[in-house]
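The values are calculated or read from the model by the stated rules, or taken from the named source; none is laboratory data. None of these values were measured; they are calculated from a predicted model. Here the Cβ positions follow ideal geometry from the backbone for every residue, glycine too, while neighbour counts run over all protein chains shown. We work out accessible area using only protein heavy atoms, side chains counted, and drop any ligands, DNA or RNA first. Shrake-Rupley method; radii C 1.70, N 1.55, O 1.52, S 1.80 Å.
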Amino acid sequence: MSTAGGYTRAKQPERVRRALLDEAARLAVEQGLAAVTVQAVADAAGVTKGGFIHHFPSKQALIDAVFAELLDTIDRDLDERIAADPEPNGAFTRAYVEAVFHIGTDAAGGPWAPLSISMLTDAGLRALWARWLKARLARHEATDSGLDLAVVRLAADGVWLADMSGIPSGNDARLRDHLLVATRRPRGTTG
């Protein structure tokens, strides 16, 4: 809070941490990941650089935390979609396809696009994504293993990458429907 005699803030560490995460995400969305600097995020959140460092030892630690929150959001979305799917076989893959196409309906991949696309060039974020995906695939091994469903997920990844790159992927509704139908084939078939 500001006072006439200077700047004071009641100690509210969770609130400060939340503000830093929110401002980093906002800067990434509005100006790209390069705009997410320690000083810019601290200024936007109304804290000192020391306050920033108290919560995140580096810019990378902050970006990793924002990315982890993105993965938590994706997890919740996928879990809701899976819970609503009456057919267990392929439910994770269908949820994944639906989530990719839902993201694609937002302008240029939605508000998380700058952060998610950055994982292509940032080894740390790629590792976080890989660990997350491996854990999800292990969790759904009984219902979503096999080459047929892997091909569908990889095709969805291709659609996501095309959307992020501004490359038209054709009739999105027909493409989505085609991929969803492919998740309902008897296991082990790819034809």
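If you go through the stretch 36-72, how many residues are assigned to a helix (DSSP H, G or I), of a type in the set (S, T, N, Q) and without any contact (Cβ under 8 Å) to a residue 24 or more places away in the chain?
Taking the stretch 36-72 and keeping what is assigned to a helix (DSSP H, G or I), we get 38-45, 49-55, 59-72.
Next, only the ones that are of a type in the set (S, T, N, Q) stay: 39, 60.
From what's left, without any contact (Cβ under 8 Å) to a residue 24 or more places away in the chain: 39.
Qualifying residue count, the stretch 36-72: 1.
What tally of residues in the stretch 96-122 results from selecting those that are modelled with pLDDT of 65 or more, not in a helix (DSSP H, G or I) and not hydrophobic (A, V, I, L, M, F, W, C)?
Selection size over the stretch 96-122: 2.
Looking for something farther than 25 Å from Leu27 by Cβ, β-branched (Val, Ile, Thr) and exposed (fewer than 15 other Cβ atoms within 10 Å of the Cβ) - is there at least one such residue anywhere in the stretch 139-153? Give the steps one after another, and end with the answer.
Taking the stretch 139-153 and keeping what is farther than 25 Å from Leu27 by Cβ, we get 139-153.
Now restrict to residues that are β-branched (Val, Ile, Thr): 143, 151-152.
Of the ones still in play, those that are also exposed (fewer than 15 other Cβ atoms within 10 Å of the Cβ) are 151.
Checked against the condition, which is being farther than 25 Å from Leu27 by Cβ, β-branched (Val, Ile, Thr) and exposed (fewer than 15 other Cβ atoms within 10 Å of the Cβ), the stretch 139-153 yields at least one hit.
Out of everything in the stretch 30-60 that is under 19 Å from the mean Cα position of the chain (by Cα) and open to solvent by 30 Å² or more (accessible area, probe 1.4 Å), what residue ends up being nearest to Ala123 (Cα to Cα)? Spell out how you get there, then give the answer.
Step one: list which residues in the stretch 30-60 are under 19 Å from the mean Cα position of the chain (by Cα), which gives 30-36, 59-60.
Still in the running and open to solvent by 30 Å² or more (accessible area, probe 1.4 Å): 30-31, 33-34, 59-60.
Values: Glu30: 23, Gln31: 21, Leu33: 14, Ala34: 16, Lys59: 15, Gln60: 11 Å.
That would be Gln60.
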